Every structure is written in structure tokens, then in C-alpha cells.
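To start, the structure under review is shown below, and the notes come after it.
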Amino acid sequence: MNVLVGVSGGVAAYKAAHLVRELGRRGHAVRVVMTEAATRFIGPVTFTGLTGAPPVVDLWDARYAGEVHVELAAWADALVVAPATANLLARAASGVADDALTATILCFDGPRLFAPAMHARMWAQPATRRNAARLAEDGAILVGPVEGALASGEVGLGRMAEPEAIADAVERLLRRDLVGRTVVVSAGGTCEDLDPVRFLGNRSTGRMGYAIAERAAARGARAILVTGPSALATPPGAERVDVRSARDMEAAIGRVRAEADAIVMAAAVADYRPAALATDKIAKSDGPLTLELVRNPDILAGLGAWRAGPRPVLVGFALETRDVLERARAKRAKKRVDLVVANRAADALGTTTNRAIFVDDDGDETLPELDKRALADRILDWIGARLGQLGRPGAGN
Ligand code: C5P
């Protein structure tokens, strides 16, 4: 693969040489683009020696015949900025393109990764947190920073992740292990209409399911995203099916379930819906109002009962406010699913990170706090491993 390494101006820039060498050792073609400030920390000639080509520093360099940022962006399969200083994060987050590196970042539409490195106080600043969160929201992966000795001699959270860890993250980003698989993902909350203007809903944003669909598509799968109303953009490469109520969602999943190698129910499906849908807006009166609710279908349990063999692999979520593990285990047995991803409502709802427990045949595994995209990858790793055990359909299974 072609990996473009962006280097911005911080002390950790010297470690970018190790990253470039490590990526080369793993068989990738590497090119380097540096900020002017980075050249104060590490000589461009070092990268010429490691990659065989001089790094791009100056957009206006007469040696470049055309638009070098356009050419670099078209060449790259992945872009990794290491180190990413606070200044670089700020410029990248707001779409500034005033030098070779930021112009290339803005021109590149593939997977991108930032390895922040700065003094712990700069990383802790609300402005920097905002910029990092904005980049993540826009689809970038952030690796680190990690806790450790800083250039100032102090210890804190601001050190760049080690080059091997960054190279691992680049490879995870480039993985195409789900080519030929179909993954159906439900996401968001369902809306159960009461009348033409009101509905019963919940606080799900859809982020978890969208992250799974995004990563499944990026890893080569056909990703079908069945989503309740959500403000999120369709992940690149995913097929999106918009639904409103639980019953719409059940029907939409029913139409594609036979094609699926795996179905992940990340949606917050309403358990109840109003017994009747009023054709006119329900008018207020002085007294209390009683709503009659009826049960919605349990889509996941329905899939568990429908499935005759081990396919499609079924993954459910269990969002709990207490007795997380016990309830997740009970749900897994009752709904006949392969993996239950359990989490606490406080850790999962309306957040960008999640702390989850995987509950499967082998017991349970508690994961560290992860960005939802990183958790999506863990879930897809689990699915990929299970599908690997099952073999390809028609191959004696
Ligand atoms: O029982 P509980 O709602 O906690 O189960 C959560 C899991 O079941 C989630 O994966 C959710 O998407 C799925 N579910 C469903 N249909 C429902 C309720 C939940 O598929 N009516």
C-alpha cells in the first residue's frame, strides 16, 4: 500500500523516521510531506535516505511541475500525520490549507490517522480537545497521545504513541479482511408515532451503528445500514436504508437477512408503540392523558429464532443501567445470538467513546474505553474470526 506520512513540527518529529522505516519494513511504499517547522526538528535528507525520494515541504518548489498536493493525495492509500502538533490539529480540523501538508490533508479523501504529540497542558486545552474531537467526528482515527516523559522533562499525557503502535493502527486502517462478506447493521433509535406531529423515541444518536457500517465498508464488506432517523451522514461505501418505526426496521432487515453473513443490531429499538396512531393531532384537555402501548416485535430475537444454522452471525447490544453482565448473559441465551456487546447507559449514550464487555460462548471480556470506531473494529474482528471458523458458504458448511 502507499502510505503518506505527514510530519509536523514537534520534538517527536525525530520518531517519524522510525515510523517511516517501520512502514517500509512492513512492505508499504512511503512518501513524506513535512511542515516548514518540522524541518527544524529533523532534516529532510533523513527522509530522502529512508524513502528514496525527497520529502515535500514547499508547495511553491519549482521542481514540482503540477500541483504536488493533488498528486500526493491521489497517490496515497492512507495518510498518517505523526507527530500531529496542537497547531497542526487545529489547522486540519478547520480545513486550513496553507502549506504542503495541510493542503495535502485537505485534498485526500481516504483513511487518515493523526498521532498527536504535545505538552500535556496543550493536549488538555478545550480548544485542542475540540479540534481532536472534530477530526474524529469527520472520520479520522487518533492514535495516542500516551502518558509518559515529555520534552519538558515533566511526565504527562502528551507523548506521541510509539512508531510500532502507529504502524499497527495504519495497518488496521488498511485491512481489507471482509471482502466478499455482507454485514447488515441496524442503527439509531426508532420513532413510534402517536399522531402526525408526535412520537415516542429515545436518546440513541446512531453513532455506534454508523461506525460499524463505516468500518465494515472500509474493510471491504458490503455494508447495509438500516437506520432510524439520525442526523449522521451516510458512511462512505455503505448502503443506507432509512426506516422510522420498529416494524419498518423489522421489515427492512427481513428483506436483506438472507444475504447477510452477519447482522449487528446496534439500533435502540422501541419495545412498545402506541396502540393506535391518531390521524389528527391529539388535543390537550384539562385532565391527565393515558396512552395505551402495545409490544413491538423483538427483531433480534426474531432473527435468532429464524436462523437455522450458524449463519448469519448475530450480534446484539445490551444497554443496561445495572446488573450489566447478568442481564447481557440472559439476553444472549434468550435471543439466541452469538455475541452480546454489553454496556452501561452512562458510558454509551450520546458519547463518542464506549466501555464495553463482550459476552460470547467463551465467557466475557471487558474492553478498555474505546472510541466508537475502534470498538466497531473490535466487533468486526470478532465477526471476522467467527466467519473464518465457519468457512465460506457452500464450502461444506
Ligand atoms: O432486550 P433489549 O432491548 O435490551 O435488547 C437489546 C438488543 O436487542 C439490541 O441489540 C437491540 O437492537 C435488539 N432489540 C431488537 N428489537 C427490540 C428490542 C431490542 O432487535 N424490540
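The values are calculated or read from the model by the stated rules, or taken from the named source; none is laboratory data. From a predicted model like this one, the values you see are computed outputs, not experimental measurements. As a convention, Cβ positions derive from the backbone with ideal geometry for all residues, glycine included, and neighbour counts pool all protein chains shown. We work out accessible area using only protein heavy atoms, side chains counted, and drop any ligands, DNA or RNA first. Shrake-Rupley method; radii C 1.70, N 1.55, O 1.52, S 1.80 Å.
Which distance in nm do the two modelled labels at residue 94 and residue 321 give, with both placed 7 Å along the Cα-to-Cβ direction?
4.1
How many nm separate the modelled label positions at residue 364 and residue 127, each set 7 Å beyond the Cα in the direction of the Cβ?
Each label point is offset 7 Å from its Cα along the Cβ direction, giving 4.4 nm.
Could you report the accessible area of residue 361 in Å², rounded to 10, computed with a 1.4 Å probe on the protein chains as they sit in the structure?
Looks like 110 Å² after rounding.
R0 = 22 Å: FRET efficiency of residue 239 with residue 70, Cβ-based, nearest 0.05?
Computed FRET efficiency for residue 239 and residue 70: 0.15.
With θ taken as phi - 60° and the coefficients 6.51, -1.76 and 1.60, list the Karplus ³J(HN,Hα) couplings across segment 97-107 in order, rounded to whole Hz; mark glycine and proline as x.
The phi angles translate into 9, 10, 8, 4, 5, 5, 5, 5, 4, 5, 8 Hz.
With a probe of 1.4 Å, find how much accessible area the chain has per residue, and write the answer as a whole number in Å².
Values: 18770 Å² over 397 residues.
It amounts to 47 Å² per residue over the chain.
Taking Cα centroids, how far is segment 263-325 from segment 160-238 in Å?
Between the Cα centre of segment 263-325 and that of segment 160-238, the gap is 20 Å.
Charges only on Cβ, +1 for Lys and Arg, -1 for Asp and Glu: so what's the dipole of the chain about the Cα centre, in debye to the nearest 20? Present the calculation step by step, with values, prior to reporting the outcome.
Working: 50 positive and 48 negative charges, 125 e Å.
So the dipole magnitude of the chain works out to roughly 600 debye.
If the elastic network links every pair of Cα atoms under 10 Å, which of 306, 123, 75 fluctuates the most in the Gaussian network model of the chain?
306
Can you give the angle from 0 to 90° between the axis of helix 126-137 and the longest principal axis of the chain, with both taken from C-alpha atoms, to the nearest 10?
In the chain, helix 126-137 runs at an angle near 70 degrees to the longest axis.
Between residue 306 and residue 277, 0.36 nm times their residue separation minus their Cα-Cα distance comes to what?
On the way: separation 29, 0.36 × 29 = 10.44 nm, distance 2.93 nm.
Result for the pair: 7.5 nm of gain on full extension.
Ranked by accessible surface with a 1.4 Å probe, highest first, in what order do 147, 22, 239 come?
Values: 147 125, 22 20, 239 80 Å².
Of 147, 22, 239, the descending order of accessible area is 147, 239, 22.
Can you send over the carbon and sulfur percentage of the accessible area for segment 2-174, probe radius 1.4 Å, protein chains only?
On the way: 4120 of 7710 Å².
That share works out to 53 percent.
Would you kindly compute the Cα radius of gyration of the chain and its largest Cα-Cα separation (Dmax), both in Å?
24.0, 81
Tabulate in residue order the Karplus-calculated ³J(HN,Hα) for segment 321-337, using 6.51 cos²θ - 1.76 cosθ + 1.60 with θ = phi - 60°, rounded to whole Hz; enter x for Gly and Pro.
Per residue, the Karplus-derived 3J(HN,Hα) values read 9, 7, 6, 3, 5, 4, 5, 5, 4, 4, 5, 4, 5, 5, 8, 6, 10 Hz.
To one decimal place, what orientation-averaged projected area in nm² is obtained for the convex hull of the Cα set of segment 182-390? Intermediate values should be presented prior to the final figure.
Values: hull surface 49.4 nm².
It is 12.3 nm².
So for the chain, averaging the separation of alpha carbon pairs under 8 Å that are six or more residues apart and normalising by length, what relative contact order in percent results? All intermediate terms of the calculation are to be shown ahead of the outcome.
On the way: 832 pairs, mean separation 41.2, N = 397.
The value is 10 percent.
State the extension gain, in nm to one decimal, for the chain segment bounded by residue 291 and residue 14, taking 0.36 nm per residue of separation less the distance between their alpha-carbons.
On the way: separation 277, 0.36 × 277 = 99.72 nm, distance 6.54 nm.
Fully extending the segment from residue 291 to residue 14 adds 93.2 nm.
What list of ³J(HN,Hα) couplings, whole Hz, do you get for segment 167-183 from phi and the Karplus terms 6.51, -1.76, 1.60, once you set θ to phi - 60° and write x for glycine and proline?
So the J values, rounded to whole Hz, are 4, 4, 5, 4, 5, 4, 5, 8, 4, 10, 7, 10, 4, x, 9, 10, 10.
May I ask what percent, to the nearest 5, of DSSP beta bridges between residues of the chain are antiparallel? List each step's numbers first, then the result.
Values: 18 of 60 bridges.
The antiparallel proportion sits near 30 percent.
Which one of 375, 389, 356 has its Cα pushed farthest toward the positive end of the charge dipole of segment 261-397, where Lys and Arg give +1 and Asp and Glu give -1 at the Cβ?
Checking the options against the dipole of segment 261-397, the answer is 389.
Loop only per DSSP, at most 12 neighbouring Cβ atoms within 10 Å: give me the trypsin sites (Lys or Arg not before Pro) in segment 24-130, ordered by residue number. If you can, show how the numbers build up before the last one.
On the way: sites: 25, 26, 31, 40, 63, 91, 112, 121, 129, 130; in loops: 26, 63.
Passing both the DSSP loop test and the Cβ count: 63.
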